[in-house]
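The values are calculated or read from the model by the stated rules, or taken from the named source; none is laboratory data. These numbers were taken from a predicted model, which means no experiment stands behind them. Note that each Cβ is placed from the backbone with ideal geometry, even for glycine, and that neighbours are counted across all protein chains shown. Protein only, heavy atoms only, side chains kept; ligands, DNA and RNA dropped before computing areas. Shrake-Rupley method; radii C 1.70, N 1.55, O 1.52, S 1.80 Å.
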Amino acid sequence: MRNPRGTKGVTPVMTMSAYENALRQFGAAVEVLGLTANQVAMIKDPRKVIHVNLPVRMDDGSIQVFEAFRVQHSVARGPAKGGIRFHQDVSLDEVKALAFWMTMKCAVVNVPFGGGKGGVVVDPSTLSLGELERLSRRYFAELAADLGPDQDIPAPDVNTNPQIMAWFMDTYSMRERKYIPGVVTGKPLEVGGSLGRVQATAQGMVYTLEEAAKHLKMDLNGASVAIQGFGNAGSNSARLLAPKGARVVAVSDVTGAYRNDKGIDVETALEWVASHKGRLEGFDDAGHAEKMDDPMELLELDVDILIPAALENQITQRNAGAVKARIIAECANGPVTPEADELLNERGAFIIPDILCNAGGVTVSYLEWVQNRTGYYWTEERVLSDLDRNMREAFRDVLQASLDHEVPMRVAAFIVAIERVTRTAEARGLYA
Ligand code: NAD
């Protein structure tokens with residue numbers, strides 16, 4: 001047990017660790033599938049856990065040491081794949097959970113990767129650009145032996161971006177003395193990135209949301225939406241939903257939650273963050289919205305669609321009873337704890353689980369990796385058309401499993417994923 005991130009105005013509650021939550025989700029699906037102990041033993045635990053301390057020279061000449069992790073949960077279906085997070089609250093527990101979810105996510109959308117995740121314990125807003133670059137390069141140099149286009153392929157996550165991916169790629173390529181763009185995805189276009197990657201996570205969410213709305217006979221045109229987190233996943237979700245006629249009534253980020261019941265002008269919000277260091281701070285003073293006293297209340301608004309797009313453990317048994325949204329589209333990883341999940345399911349909320357909902361990012365990362373390896377670069381139209389097909393197919397597979405086994409969408413997503421990983425692990429067998 002540990003204390004989750006406290007949010008301003010909220011008394012932190014004790015909750016289970018993210019990894020314990022992940023194992024409970026795994027256990028629920030294993031029970032439905034009736035896997036044997038041997039099958040579970042082949043796929044459950046992380047294959048490799050790397051824990052390093054990174055010395056970095058700061059601008060003032062001092063040396064600061066940063067704790068960092070990389071977890072390779074599975075390489076059964078292909079190289080490990082997953083982002084790297086820079087955050088002051090990163091822990092090994094969290095990285096293990098995120099790596100496990102990546103294995104499941106890649107299997108749900110059927111891309112040929114295993115699962116991995118990395119993290120550095122740092123608040124990057126306290127670093128200068130030079131310090132951020134030296135820390136990023138040191139992380140990659142330290143882990144280089146375990147990374148590679150056929151071993152483990154990182155990508156962006158919270159507080160890491162395409163520029164950092166470019167530094168990663170350059171560090172690895174210089175070390176290997178050759179151009180190896182396929183070692184990392186989410187890169188800028190200039191260094192082998194893919195068209196469509198920036199909005200891929202949100203775009204994938206929108207495809208699954210459209211399928212969910214169709215299933216529930218709900219119209220996205222006119223539907224009200226609240227979005228927690230306004231970074232890559234959250235802001236692009238708003239950008240893509242507005243033209244569909246959805247009314248975004250609240251958005252939030254680390255500076256607070258901003259509400260406008262008539263609908264927030266999404267273009268104005270996007271321009272605001274672009275010109276205010278990526279933050280919504282001051283959006284209320286400029287008269288575009290009202291700042292909510294307690295940012296966590298955004299999750300409890302009476303909206304049709306709630307999109308958690310920030311961090312894990314946001315909807316817990318403490319606030320789940322007050323969540324009113326009909327659809328919860330999990331752009332973030334692990335935003336709902338297992339206890340909250342039960343409460344939401346009892347109420348009949350339709351949850352598009354993270355390992356399905358936000359898998360658009362890794363799907364386009366896979367397409368980026370394919371383009372890097374063939375050296376042939378696709379149009380955005382082709383990328384988005386593949387993403388569209390993949391996400392809708394995955395949604396239908398999960399919905400079918402949910403109907404067949406009479407289980408919620410989350411358990412169904414794990415069932416689809418675990419069946420795929422188990423089949424591959426058994427076909428490969430044990431090497432030695
Ligand atoms: P990001 O760093 O671009 O944005 C994170 C956003 O969350 C920022 O706006 C930040 O201010 C906000 N935030 C942080 N703490 C908050 C809090 N307590 N309350 C409200 N907002 C808060 O990160 P991102 O890439 O958009 O990732 C967001 C989530 O989506 C993470 O869970 C990540 O694992 C998941 N995800 C991202 C991708 C991707 O391709 N970027 C893919 C899959 C899943």
Quiz item: Looking at the square roots a ≥ b ≥ c of the eigenvalues of the Cα gyration tensor of region 242-342, which shape do they give, rounded for a/c under 1.5, prolate if a/b is larger than b/c, or oblate?
Solution: prolate
Quiz prompt | Among beta bridges that DSSP assigns inside the chain, antiparallel share in %, nearest 5 | solution = 50 percent
Quiz prompt | Within the chain, helix-based [θ] at 222 nm, where runs of 4 or more DSSP H residues each add -39,500 (n - 2.57), nearest 500 | solution = -13500 deg cm²/dmol
Practice problem: Give, rounded to the nearest 20 debye, the magnitude of the charge dipole that region 68-188 has about its Cα centre when Lys and Arg contribute +1 at Cβ and Asp and Glu contribute -1 at Cβ. | Solution: 340 debye
Quiz item: Which of Arg247, Arg24, Arg259 moves the most in a Gaussian network model of the chain with Cα springs under 10 Å?
Solution: Arg24
Quiz prompt | Surface accessible to a 1.4 Å probe, Trp167 within the full protein complex, Å² | solution = 20 Å²
Exercise. Compare Asp219, Asp386, Asp397 by solvent-accessible area with a 1.4 Å probe and give them largest first, with all protein chains kept in place.
Key: Asp219, Asp397, Asp386
Self-check item: Sulfur and carbon atoms: percent of accessible area, region 55-173 [1.4 Å]
Solution: 48 percent
Quiz item: How would Lys81, Lys214, Lys262, Lys48 rank on accessible area, largest to smallest, probe 1.4 Å?
Solution: Lys262, Lys214, Lys48, Lys81
Quiz item: To the nearest 10 Å², what's Thr316's accessible area with a 1.4 Å probe?
Solution: 10 Å²
Quiz item: Calculated FRET efficiency, Ser385 and Glu346, Cβ-Cβ r, R0 35 Å, to nearest 0.05?
Solution: 0.35
Quiz item: For region 327-432, what is the relative contact order in percent, using Cα pairs closer than 8 Å and at least 6 residues apart in sequence?
Solution: 25 percent
Quiz item: Gain in length, Gln151 to Val52, computed as 0.36 nm per residue apart minus the alpha-carbon separation, to one decimal in nm?
Solution: 33.8 nm
Exercise. Looking at region 256-377, send over the antiparallel percent of its DSSP beta bridges, to the nearest 5.
Key: 25 percent
Quiz item: Protein chains only, probe 1.4 Å: how do Tyr179, Tyr377, Tyr366 rank by accessible area, largest first?
Solution: Tyr179, Tyr377, Tyr366
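Looking at region 137-278, send over the antiparallel percent of its DSSP beta bridges, to the nearest 5.
50 percent
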Practice problem: Starting from the Cα of Lys262, draw a straight line to each of the lysines and keep only those under 18 Å, dropping any in the same chain fewer than 8 residues away. | Solution: Lys244, Lys291
Practice problem: Distance between Cα centroids, region 97-126 to region 311-374: provide it in whole Å. | Solution: 14 Å
Quiz item: Placing +1 at every Lys and Arg Cβ and -1 at every Asp and Glu Cβ, with all other atoms neutral, what dipole size does region 385-425 have around its Cα centre, in debye to the nearest 20?
Solution: 80 debye
Practice problem: Note down the magnitude of the dipole of the chain about its Cα centre, charges +1 on Lys and Arg C-beta and -1 on Asp and Glu C-beta and zero elsewhere, to the nearest 20 debye. | Solution: 1160 debye
Self-check item: Solvent-accessible heavy-atom area per residue, rounded to whole Å², over the chain at 1.4 Å
Solution: 41 Å²
Self-check item: the chain: relative contact order in percent, alpha carbon pairs under 8 Å with at least 6 residues between
Solution: 17 percent
Exercise. Can you find, among Ile264, Ala325, His215, the residue farthest towards the positive end of the dipole of region 212-341? Put +1 on the C-beta of Lys and Arg, -1 on that of Asp and Glu.
Key: His215
Quiz prompt | Kyte-Doolittle mean at least 0.5, axial Cα span of 18 Å or more - DSSP H helices of the chain | solution = 92-108
Self-check item: Positive-end residue of Asn38, Gly196, Leu306, charge dipole of the chain with Cβ unit charges
Solution: Asn38
Exercise. Could you pull out the pairs from Lys117/Lys214; Lys96/Lys277; Lys48/Lys81 whose alpha carbons sit more than 22 Å apart here?
Key: Lys117/Lys214; Lys96/Lys277
Practice problem: Positive end of the charge dipole of region 274-432 (Lys, Arg +1 and Asp, Glu -1 on Cβ, about the Cα centre): tell me which of Tyr366, Leu430, Ile418 has its Cα farthest that way. | Solution: Leu430
